[in-house]
Number of protein chains: 2
Amino acid sequence: MMSYQAPYKDMQWLVEQAYQTQQLGNLESLQDFDLDLANAIIDEASKFASGVLAPLNMVGDEEGCTFSDGQVTTPTGWKDAYAQFRDSGWIGLALPEEYGGQGLPKYIAQPVNEMWLSSNLAFVMFAALAQGGSEILLKFGSDELKARYLTQIVTGEWTVAMALTEPNAGSDLGALTTKAIPQADGTYQIKGQKIYITYGEHDMAENIVHLVLARTPDAPAGSRGLSLFAVPKYRVNEDGSCGEFNDIRCTGIEHKTGLHGSPTCSISYGDNDNCVGELIGNLNQGLMAMFVLMNEARLSCGMQGVGLSELAFQKALQYSKERVQGARADGQRVAILEHPDVKRMLLNLRSESFALRSLGYQIAALIDVSEQSDDAEAVKAAEKRIALLTPIFKGFATEQANELAGDAVQVFGGMGFVEETGIAQVMRDARITTIYEGTTGIQAKDLLHRKIRVDQGRCISELMADIRDVVEKSPDSVVNQRLGQALNQLAHVLDSTILNPSAELAQLDAVAVPFLNALGGICCAWQLVELAQRAQVSKAEDEVFFGNVVALAEFYSAYKLPQAQAALTTVIDEQNGVGNYEF
Amino acid sequence: MMSYQAPYKDMQWLVEQAYQTQQLGNLESLQDFDLDLANAIIDEASKFASGVLAPLNMVGDEEGCTFSDGQVTTPTGWKDAYAQFRDSGWIGLALPEEYGGQGLPKYIAQPVNEMWLSSNLAFVMFAALAQGGSEILLKFGSDELKARYLTQIVTGEWTVAMALTEPNAGSDLGALTTKAIPQADGTYQIKGQKIYITYGEHDMAENIVHLVLARTPDAPAGSRGLSLFAVPKYRVNEDGSCGEFNDIRCTGIEHKTGLHGSPTCSISYGDNDNCVGELIGNLNQGLMAMFVLMNEARLSCGMQGVGLSELAFQKALQYSKERVQGARADGQRVAILEHPDVKRMLLNLRSESFALRSLGYQIAALIDVSEQSDDAEAVKAAEKRIALLTPIFKGFATEQANELAGDAVQVFGGMGFVEETGIAQVMRDARITTIYEGTTGIQAKDLLHRKIRVDQGRCISELMADIRDVVEKSPDSVVNQRLGQALNQLAHVLDSTILNPSAELAQLDAVAVPFLNALGGICCAWQLVELAQRAQVSKAEDEVFFGNVVALAEFYSAYKLPQAQAALTTVIDEQNGVGNYEF
C-alpha cells in the first residue's frame, strides 16, 4: 500500500512562481518569510503528513466515528495524532504570534494545508475551522472574547465548530430558526437544533467553541436577522479553565458515504434552557461574520479538490507502474502505465492537479498582498481578483476532483471497486466537496452575478487582459493560440450573453455552472501556459521536470481546453432549454 | 423514501419506436409477439420491480453479503425474492420454450431487463448470467450438456457463474493459468484460482454451474489456448439431481464500494484434485464461446447504465419536488425544482437516460432482426450495426451513468452525502459499470480498431448516412443543424485521423476514449432528434409527453452535443500529448 508523499518539487517550484508573480519579495512585512523558510516548512510538514496523518487515513474510513449516548469517539489513533498536530504548532501556522500562532504568510501555509488535505482530509477538518473561527474572532470579537478564546483555539487546546445548517435551512440561511434570547447579564440563551456540524462533538480536545448562527426575538426576517454567537461546550471560568457543561447535546452523527473519520454532528442547543452564548460583533450582522469564514472555507475547499486530486494521482500512478497487463508487439508483458489510455487518464489527473495547485498558490499569495501590502491600490486589486477567483477555484477544483477520482478508480480497474486499495475512498471522500461550503450551483451564481454582472465585467476583463498578456508572449505557440481562441470565445459569451442587460435571469442561471466550468478550464490553461513559458527558460536546470511542465500544457490544450470551449458553446446555445420541459 | 417506478410511458413508446424502426412487424416468427403483448409484459414486470425488488435494494446495500467458512449468505429477503423471481418465470423470459423459457423476443425483454437493473442491480445479476450461460450452451454445448444443464438454468433451479479473471489476468485473458487436465473418461480435472466471480457462491439455488476458462496441458500460449468448461458446484447424477460436492471452494468475497448485495467471490477449483469439468465446444476455442457471452454482457452492462441513470433521475426528481429551499422574488419559498441549475441537472439525467434507453431498445430490436429475419442481407446488416453499437453503448451509457449519478447526488445537496437517502448508493453501484465486462478503454479500442479501422469505416459510414437522413428530414431545425455540424466534424475526424493509414497507433489509442464518447453523444443526439420528429407528429395525442420529447432534444443539443464535439476536437488536436510526458 502506497503512502502519500508530498509533491515536494511541485510545491517548491509553484510556491516560487506565486511568490514572484505576486511580487511578495517587495512586501516589507514579509522580509523574514522568504522562500528558504517556505521550503524548510514544506519539508517539515511533509514528514508529518506522510508519517503521521497518511497512515491513519484508511483507518478513519474503515472505523469511522462512533456515537453513543451523546459522546463521539474518533477512530483509533485520531486522538494521539491530534495531540501531535497540536503540539507541533501546526494549527496556528498562519495565525498571529500574539495568540500563540506562528504568523506565517498564506503563501507558505497553502502547500502545508494541501499536504494535510491530501494525507487525511477527514482528520484535518478541525484545522480550517480553527483558522476560520480565529479570523472571525480577530475581526469581529470583543477584546473580552478574544482573550477568552483565541489563544486556546490558536494553540489547539480547544477546537471550533460552525453551527449554521438546520434541517430546513441548508443553502438558504434566511430560513434559520435557532433562537438567541437576551439575558440581563448581556449573554444570550441559545435554543435550537443544528445539523451537519463538522467536529461538533469529539474526544480530541478539552473544549469545543461552537459558533452558532441564531436569531434574537426582535430580529428582522430572513438572513438580515441572523447574529453569530460563541457557545462553548463547557463554560469558561474566570481563570480560563473549563467550567460548567453548557447544555449542548450531540444527538447523532451522520452515516456518510465518505469522510467517515470526521464526525458530522446533529446538535441540540439548550434542551434544558441552560445554553449560554455570547454575541460576536453586532446584532443581525452574523451573516457578515459568516462571510469571512465562508470565503476562507471556499478557498480551503478548493484546496481539498487539489489535495484529493493529488492523492488520487499518486495512487493511480503507483498502481499503473506495478500492475502488469497486456503485452507489447514483441510479446513482452507491460505495466499498464505503458497503455496510452492509462497515460491519458494519469495526465488528466496530473495536468489538472498541477494547474489547480498553481492557481491555489497564486490565490494564497494574493491574500498575502491583500493583507500585507502598504499600497492601497495593490490591496484593492488583489481583493477584487481573489473575490473573482474564489468561486471559480472552489467550484472547478472540486468538480474536477470528482472527475479525477473517478479516473483514478478506472486506472485501478476491478481493484478500484474493492475498498482495500483505498482509491474508492478518495472518490467517496471527494463527493461532498462540490456540496459543502456552497454547492457548485451557488458558486456559479456568485460568480455570474456578484463577481461579474454587478461590476459590469470590469474585474473579469482585467483577468482576461492578464491571460492575454501571457498568450501573446509566445504568439507562435499552438498551445497559446488555442488559449487565445478560448479567450475570444469567452469575450463573445460575456458580450452577447452574460453581460447582456436584456438576458433572462432564468436562462443565465441555467448556464451558470457550464460558465463556471469554462472559466475554470481557461484559468487552468492560463496557469499551465504561463508555467510552460517559465519552464522553457529553466529547462536546462532539470530537463525532465521542466520538459514535463511543457507537456502538461500541451496535454491540457488538447484534452481539457476543448471542454471549456464546449461549455461556452452551451452558454451561447441555451435557448430556454431548461424551461421548455414540464416536470 | 421513494420507491422505483418503471417509466411505463417511456418504455411503451420507445419499444414501439424500436419495433417500427426495425420493422419487426414484418418478421414472420414474431407475429405472436406484438406490441400489445409487449405492453402487457412491461406492465406485469413493473409490478414485480416496484413491489419485490426495489424495496430490497437498500437492504442489500446496508447488509451486504456475509462470508463464513466457505459459505456466502445473501442479505435478508434475497432468498425469498429469488424464489419468487424464479417461480414467476422471469429468468427464462427470452430463452427457448423447449427448455422451460418463454421464448420472448429481445425487444420485449429489454425494458423488462431495464426494470430489474433499476430496481435492484445487485440482486438481479444472476439473470444476465443465466441468459449468457444459456446462450453459450445453446450455441456450443453438446446435446448431453444441454440436456444436463439447460432446463435447470432456464427455469432458475440452478444459477450460472462465469469464472474468467485471475489475480494476474484481468483484461488480459491470455495470461490465465487455471489448468484442465484431461481424464480417461473424457472429463477434465480443473485446478486453479479465480477471482471476481459474481454469484460464484450463494444460498439462493440448489446448484451453481461455473463456466470456467482454463488451459489444457498442451494448449498454445496466450488466449488461443483457452478452453471453456462446465464445472458444477455439485456433480449431476444420472437422474439430473445434485450429487457429490465437486471440490469448488469459495475462499472469500470482496469488500466493494458498491453492489454490496451481490457476492463477488474468489473461488479455488480442485484444491483436493477432485474438481471435474466438461468441455464446452472445442478445445482451445474457449475465447470464442466467451465472446458470445461478452457481447451479451456488454449490452446488458450498457442497460445497467440506463437503469441506474433512470433510478438516479427518479430519486433526484422526487427530492427536488419535496425539498423547499430559496425563494422567488415575491418571497414565496420554492421547491428546488424551480431553480434553473437544478433543472439543468435533472434534464441532464432525463435527456441522457431517455436517449440511451432508446438506443438500448433499438439494439434489442436489431438483435431480433439478426436472430429472426429470413432475409440474409438484413441479418448481416443488423449484425454489423450491433457490433458497431455495442462498444459505444456499453462505454458511453456506463460513463454517463457515473456522471449522472453524480449529478443526482448534487441535486440532493448535503443529503446526497448521507447514506439514508439512497442516492449515494446509486453512485457507488454505478462505479463498477465502466470497468467490468471490459473497461471503457477496452470498448474504445474495440470500437476504433475492430469496428471501424478493420472494415475501413464502411459500417460507421452507413450509420452516419442513417443519421444524416434523420437530420435532413427537418433541415431548418436548429437542433438538426447542430447535429449535422457534428456529423461533418466526425467525417473530418475519420478522414484525417481515425482512418488515416499513417496514423500512429499510440496516438489513436490515446484518443480512443474521447472518440468513443463523441460517438456516444452523437448517437444519443441522433435518437433524440429522430424521436422529436416523431413526437411532433403525435403531439396532439399528449401535449406534455411529446412536447417534453422535443424539449429533451433541444436540451441535449445545447448542453451535451457540444461535449461530443469537444471530444472530436481532442482527437484532431492530439499531437502525441500523452507521449511527451515522462512519468
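The values are calculated or read from the model by the stated rules, or taken from the named source; none is laboratory data. Please read all numbers here as calculations on a predicted model, not as lab measurements. Cβ coordinates were reconstructed from backbone atoms using ideal geometry, including for glycine residues, and neighbour counts include every protein chain displayed.
Within the set B:Ala382, B:Ala365, B:Ala378, B:Ala355, the sole residue that is in a helix (DSSP H, G or I) and surrounded by fewer than 20 Cβ atoms within 10 Å (Cβ to Cβ) turns out to be B:Ala378.
Among the conditions (1) of a type in the set (D, E, K, R); (2) more than 14 Å from chain B (Cβ to nearest Cβ); (3) closer than 17 Å to A:Ala558 by Cβ, A:Arg450 misses just one, which is (3).
Scanning the stretch B:525-560 for residues that are within 19 Å of B:Gln12 (Cα to Cα), surrounded by 20 or more Cβ atoms within 10 Å (Cβ to Cβ) and more than 13 Å from chain A (Cβ to nearest Cβ) turns up B:Gln527, B:Val529, B:Glu530, B:Leu531.
For the residues A:Leu516, A:Leu505, A:Leu528, the requirement of being over 20 Å from A:Ile442 (Cβ atoms) and assigned by TED's automatic domain parsing to the domain that holds A:Ala444 singles out A:Leu528. Residues that are touching a residue at least 12 places away in the same chain (Cβ under 8 Å), part of a helix (DSSP H, G or I) and farther than 30 Å from B:Val59 by Cβ do not occur anywhere in the stretch B:405-427.
Checking the stated criteria, B:Glu44 turns out not to satisfy the condition of being over 23 Å from the mean Cα position of the chain (by Cα) and surrounded by fewer than 20 Cβ atoms within 10 Å (Cβ to Cβ). Of note, B:Ala553 satisfies the criterion of being at pLDDT 95 or above, in the same structural domain as B:Asp466 (by TED's automatic domain parsing), farther than 30 Å from A:Asn548 by Cβ and in contact with a helix residue (DSSP H, G or I) (Cβ under 6 Å, 6 or more places away or on another chain). A search for C-beta distances below 9 Å between a residue of the stretch A:478-492 that is assigned by TED's automatic domain parsing to the domain that holds A:Gln565 and outside any helix (DSSP H, G or I) and any residue that is of a type in the set (A, V, I, L, M, F, W, C) and at pLDDT below 95, counting only pairs 6+ apart in sequence or on different chains, returns nothing.
Restricted to the stretch A:119-204, the set of strands (runs of 3 or more DSSP E) holding at least 2 residues that are free of Cβ contacts under 8 Å to residues at least 60 places away in the same chain and buried (at least 18 other Cβ atoms within 10 Å of the Cβ) comprises A:158-163.
Annotation note: of B:Ser461, B:Ser474, B:Ser496, the sole residue that is surrounded by fewer than 20 Cβ atoms within 10 Å (Cβ to Cβ), closer than 23 Å to B:Gln362 by Cβ, touching a residue at least 40 places away in the same chain (Cβ under 8 Å) and among the small types (Gly, Ala, Ser) is B:Ser474. With respect to the stated conditions, A:Asp239 fails to be at pLDDT 95 or above and among the charged types (D, E, K, R).
Which residues, counting only those in the stretch B:156-180, are acidic (Asp, Glu) and more than 14 Å from chain A (Cβ to nearest Cβ)?
B:Glu157
B:Thr66 fulfils the conditions (1) modelled with pLDDT under 95; (2) under 30 Å from B:Pro263 (Cα atoms); (3) exposed (fewer than 13 other Cβ atoms within 10 Å of the Cβ) except for a single criterion, (1). Against the conditions (1) buried (at least 24 other Cβ atoms within 10 Å of the Cβ); (2) among the hydrophobic types (A, V, I, L, M, F, W, C); (3) at the interface with chain A (Cβ under 10 Å from one of its Cβ atoms), B:Leu404 satisfies every one except (3). Put simply, of A:Gln575, A:Gln481 the only residue that is within 12 Å of another protein chain (Cβ to nearest Cβ), more than 25 Å from B:Lys560 (Cα to Cα) and surrounded by fewer than 21 Cβ atoms within 10 Å (Cβ to Cβ) is A:Gln481. From the list B:Glu371, B:Glu352, B:Glu338, the one residue that fits, being among the charged types (D, E, K, R), within 19 Å of A:Gln507 (Cα to Cα) and more than 9 Å from chain A (Cβ to nearest Cβ), is B:Glu338. For the residues B:Arg350, B:Arg385, the requirement of being within 19 Å of the chain's Cα centre (by Cα), farther than 18 Å from B:Gln23 by Cβ, at pLDDT 95 or above and not small (Gly, Ala, Ser) singles out B:Arg350.
Can you find a residue in the stretch A:68-81 that is in contact with a Lys or Arg (Cβ under 7 Å, 6 or more places away or on another chain) and part of a loop (DSSP other than H, G, I, E, B)? Checked against the condition, which is being in contact with a Lys or Arg (Cβ under 7 Å, 6 or more places away or on another chain) and part of a loop (DSSP other than H, G, I, E, B), the stretch A:68-81 yields at least one hit.
Quick one: would you say A:Gly186 is more than 14 Å from every other protein chain (Cβ to nearest Cβ) and of a type in the set (Gly, Ala, Ser)?
yes
Flag set for A:Pro75, criterion: within 27 Å of A:Glu206 (Cα to Cα) and in contact with an Asp or Glu (Cβ under 7 Å, 6 or more places away or on another chain). Every listed requirement among (1) touching a Cys at 6+ places or on another chain (Cβ under 7 Å); (2) buried (at least 21 other Cβ atoms within 10 Å of the Cβ); (3) more than 14 Å from every other protein chain (Cβ to nearest Cβ) is met by B:Tyr234 save one, (2).
Of the numbered criteria (1) surrounded by fewer than 21 Cβ atoms within 10 Å (Cβ to Cβ); (2) small (Gly, Ala, Ser); (3) part of a helix (DSSP H, G or I), the one A:Ser502 fails is (3).
The listed residues are A:Gln304, A:Gln325, A:Gln318, A:Gln314, and the only one of them that is touching a Pro at 6+ places or on another chain (Cβ under 9 Å) and within 14 Å of chain B (Cβ to nearest Cβ) turns out to be A:Gln314. Being surrounded by 21 or more Cβ atoms within 10 Å (Cβ to Cβ), in contact (Cβ under 8 Å) with a residue 40 or more places away in the chain and outside any helix (DSSP H, G or I): is that true of B:Tyr436 here? For B:Tyr436, the condition - surrounded by 21 or more Cβ atoms within 10 Å (Cβ to Cβ), in contact (Cβ under 8 Å) with a residue 40 or more places away in the chain and outside any helix (DSSP H, G or I) - is met. In the stretch B:214-231, of all residues being modelled with pLDDT of 95 or more and touching an Asp or Glu at 6+ places or on another chain (Cβ under 9 Å), the one that is surrounded by the most Cβ atoms within 10 Å (Cβ to Cβ) corresponds to B:Val231. Could you list all residues from the stretch A:487-515 that are within 27 Å of A:Ala551 (Cβ to Cβ) and within 11 Å of another protein chain (Cβ to nearest Cβ)? Result: no residue meets the conditions.
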